[in-house]
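Structure record follows, encoded as structure tokens.
The values are calculated or read from the model by the stated rules, or taken from the named source; none is laboratory data. On a predicted model such as this, the values are computed, not experimentally measured, just so you know. Every residue, glycine as well, gets a Cβ built from its backbone with ideal geometry; the counts of neighbours run over all protein chains shown. Side chains are part of the model used for accessible areas, which takes the heavy atoms of the whole protein and leaves out ligands, DNA and RNA. Shrake-Rupley method; radii C 1.70, N 1.55, O 1.52, S 1.80 Å.
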Amino acid sequence: MSEAVTNSGYLKRKVYWWLERPDRAATGPWLLEIALIALITLNVAAVILETVDSIYTRWGLALNLFEGFSLFVFVVEYAARLWVATENPSYKTRAAWAVSPIAIIDLLAILPALLYLFFPVDLRLLRTFRMLRLLKLTRYSPALGMLLAVFEEEAGAFFAGFFILMVMLIFAASGAWLAEHEAQPEAFGSIPAAMWWAMATLTTVGYGDVTPVTVAGKIFGAAITVIGIGMAALPAGIIASGLNDQLHRRRASLEREFRKALEDGDICDADEAVIEAVRKQLGLSRRAADHIRNRVHAETMSQADHCPTCGQTVQKAKPQA
């Protein structure tokens, strides 16, 4: 019994090593990662080509077989990641992993096709939902991962911004209805009908298919347009601030690795390998890493020239002639 448990634990750790690639220098997991990225890219290309009737008529069988193969691979991948989720220190249970953003993306990539096996739906709708597999690239792209982390951490701020937008939408639609419902009953005959104009104006899209014609409507529309400029900048500011915070954290993490490596006064080959793996995992460029290295090295050398007790400059003994 204990031997079976030991073998199961070893297999779980091995599968986790292959799928999550904790050892960034390992060739096998890297090739598996490249293969999954290629499969996701081909899936997106297949979905796009299937919308061309002439291509689907000629290659429909091959595309359907490719979809079946892709679905099998993605289902096995999801099940394997769910099985080894507890190997990740960030997730204490499989349920905690299953509700994480990256796991939800993996589930959405296979859920539409699985639902089609049990509930017949419009095949064209199914093809559209298969485009969600493009989001799986978030797992392999540090930049997309950073953006996903921003959405996860700033969810409260995004919800607050969305709530404000909804309040302004109702306010703008109500004002437009009051000013324009008599002059343009077909476009502003009700508050729900006026919401189309309100949304296009608040988001500064301005399609121009519906515009105020009364003086009061034009004045009100101008005010809403000015407010809309600020509303459009609100989510952009949240994303920019969040990305800047994420980038600062990643640079701080790499800086800690440099300081840890320099504790003994020098960076050996093993330290270099660890730092390079961390750099790739964080998605930082070599130029950024070199800048952090030079700054940490300069600070370390500067501290070495001062007494650790009093902080006074240490006069180094001159070599005797």
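Per-structure values
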{"read-out": "Cα shape, the stretch 158-234, gyration tensor, a/c 1.5 rule", "value": "prolate"}
{"read-out": "Value of relative contact order over the stretch 107-254, rounded to a whole percent, pairs C-alpha under 8 Å and six or more apart", "value": "22 percent"}
{"read-out": "For H181, distant residues with modelled amide H under 5 Å away", "value": "none"}
{"read-out": "Lysine pair count for the chain [Cα-Cα under 24 Å; pairs on different chains or 8 or more apart]", "value": "8"}
{"read-out": "Unit charges on C-beta of K, R, D, E only; dipole of the stretch 236-277, Debye", "value": "440 debye"}
{"read-out": "For the chain, accessible area per residue (1.4 Å probe, heavy atoms of protein chains only), Å²", "value": "62 Å²"}
{"read-out": "Of all accessible heavy-atom area on the chain, the percent that carbon and sulfur account for (1.4 Å)", "value": "66 percent"}
{"read-out": "Karplus-derived HN-Hα couplings along the stretch 41-50 (A = 6.51, B = -1.76, C = 1.60, θ = phi - 60°), whole Hz, x at Gly and Pro", "value": "4, 5, 4, 5, 4, 5, 4, 5, 5, 5"}
{"read-out": "Approximate shape of the chain as ellipsoid semi-axes (Cα gyration tensor, √5λ), whole Å, largest first", "value": "49, 36, 17"}
{"read-out": "Average Cα contact separation per residue, the stretch 221-307, under 8 Å, 6 or more apart, as relative contact order %", "value": "30 percent"}
{"read-out": "Relative packing of 161-172, 105-116, which averages over residues the other C-beta atoms within 10 Å, highest first", "value": "105-116, 161-172"}
{"read-out": "The chain: relative contact order in percent, alpha carbon pairs under 8 Å with at least 6 residues between", "value": "13 percent"}
{"read-out": "For the stretch 243-259, Karplus couplings with θ = phi - 60° (6.51, -1.76, 1.60), whole Hz, Gly/Pro x", "value": "5, 5, 5, 5, 5, 5, 5, 5, 5, 5, 5, 5, 5, 5, 5, 5, 5"}
{"read-out": "Hz values of 3J(HN,Hα) by residue in the stretch 104-116 - Karplus curve (6.51, -1.76, 1.60), Gly and Pro given as x", "value": "5, 4, 4, 5, 5, 5, 10, 4, x, 5, 5, 5, 5"}
